[in-house]
Amino acid sequence: MDIRTLLVAITVLELAILVAMFFFWRTQKTYPGFGHWVICNLLVVAGCLLLGLKDHIPVFISEVVGNTAFILGALLRLQGLRLFLGLPPGHRLEWLYVAATAAGLAWFSLVQDSWTLRTLVISLPIGVLALQGAWLLLRQKDSPAATLCRAMAVAILAYFLALTARAFFLLPAGPAANLFMEHPLQYAYFLLGIIVEVFWNISFAMMNSSRLASELRQAQDDLTRLATTDHLTGARNRRSLLERGAAEMARARRHGHPLAALLLDLDHLKQINDTQGHQAGDRALRALVATCQDGLRQSDILGRLGGDEFVLLLPETDLEGARSMAKRLCQKVAHLSPAEVGITQGLSLSVGISLLEPVDQTLDELLHRADQALYQAKESGRDQVSEARCPGGQ
């Protein structure tokens, strides 16, 4: 296989990549910078075609325009990568790479014809742009696609080494050197170019898909959170509370483990709403939930039953543990500063406690006893803890 055949292969491959990337760009959700890569592939195809026709078209078009397409494509690829990573596309002075390269190509094509010097002129700026791209990719340590970024960076560095080695080691070849000369570095450069072109285009498409998948997972998590969370306080909503509570009750019954239920009621919420407005009442409810959530175990379940009533389910917790938790919550709520909450009066909490009993068949029975205990606490003057009686008065 000679260099002409390799150049034809690269051109056909680049054309296939261009078509694939273009349709991906137009039919899938893509992110900023993807279009830059598509245009880059178009420029690479154009450059390969012009260089391949060098014996049939003017030197200026094949050598100057063709090679300038490569440096312009390399710059657009770097800018596209920056945009994809959420960075500015780059400084305008980088366009001087293109202008300086075009001027150098014109000089060593039209004034002092030298293929080796043209190769050096085009290789140096492309190498600099490639190194910048590799550096950006290596810095993506916290990205979900960090491994892919590192692999792309390694591929770019390998291409950079082949590019610069070819430019410098072929420099002594003199006037006899040309694009189609037979040399091991030529073969290595073109073969590696084929591999890298395929790899980094596929990798970039994979990075785009990875970001899309990450956004979809986040959207699903957000929907799940909206479906299970009380929008005002951030606690579980009633439906989620009852579903999760029923599952926890079944687990406790199956293994014979204790389960405590605390029914929490913020005292005098109606008075706060009537005298200070519902926004003040909302702030009080959010402060209550934040106070309760601080220090809970991962297994504990806090949910809003409705209005100013909240349920706290405590797995693996006996009566003594439930009492301790209830008293601690009452103390923490009582110590909340009105200014910190955004209201003009202090807060207090009434708590009803019930424990899972062997006769309980549903979660409603457990919560009903906690509700009775809460009623006793409120009837006794509020700001206190009351315990439910066992079924049958035991």
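The values are calculated or read from the model by the stated rules, or taken from the named source; none is laboratory data. Bear in mind the structure is a predicted one, so any value in this text is a computation, not a measurement. As a convention, Cβ positions derive from the backbone with ideal geometry for all residues, glycine included, and neighbour counts pool all protein chains shown.
A few remarks follow.
- Any chance residue 232 is outside any helix (DSSP H, G or I), under 18 Å from residue 366 (Cα atoms) and in contact with a Leu (Cβ under 7 Å, 6 or more places away or on another chain): no
- Subset tally (residues that are closer than 17 Å to residue 76 by Cβ and in a loop (DSSP other than H, G, I, E, B)) for segment 16-53: 4
- Test result for residue 380, within 23 Å of residue 249 (Cα to Cα), of a type outside the set (Phe, Trp, Tyr) and out of contact with any Phe, Trp or Tyr (no Cβ under 6 Å at 6 or more places or on another chain): no
- Flag for residue 60 being surrounded by fewer than 21 Cβ atoms within 10 Å (Cβ to Cβ) and in contact (Cβ under 8 Å) with a residue 60 or more places away in the chain: no
- Those residues of segment 119-147 which are closer than 17 Å to residue 197 by Cα, aliphatic (A, V, I, L, M) and either surrounded by fewer than 18 Cβ atoms within 10 Å (Cβ to Cβ) or touching a Leu at 6+ places or on another chain (Cβ under 7 Å) (or both), in sequence order: 126, 129, 131, 134
- Residues in segment 106-163 that are in contact (Cβ under 8 Å) with a residue 24 or more places away in the chain, assigned to a helix (DSSP H, G or I) and polar (S, T, N, Q): 5 in all.
Each row is one residue, and each column tells you yes or no for (1) polar (S, T, N, Q); (2) in the same structural domain as residue 10 (by TED's automatic domain parsing); (3) modelled with pLDDT of 95 or more.
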site	(1), (2), (3)
181	no, yes, no
188	no, yes, no
195	no, yes, no
207	no, yes, no
210	yes, yes, no
213	no, yes, no
218	yes, yes, no
233	yes, no, no
271	yes, no, no
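- Counting only helices (runs of 4 or more DSSP H) that sit completely within segment 309-394, those holding 1 or more residues that are under 14 Å from residue 259 (Cβ atoms), within 41 Å of the chain's Cα centre (by Cα) and in the same structural domain as residue 264 (by TED's automatic domain parsing) correspond to 319-334, 363-379.
- Hey, residue 71 more than 29 Å from residue 108 (Cβ to Cβ), surrounded by 20 or more Cβ atoms within 10 Å (Cβ to Cβ) and either assigned by TED's automatic domain parsing to the domain that holds residue 121 or of a type in the set (Lys, Arg) (or both) or not: no
- Selection status of residue 329, in contact with a His (Cβ under 9 Å, 6 or more places away or on another chain), under 20 Å from residue 293 (Cβ atoms) and of a type in the set (A, V, I, L, M, F, W, C): no
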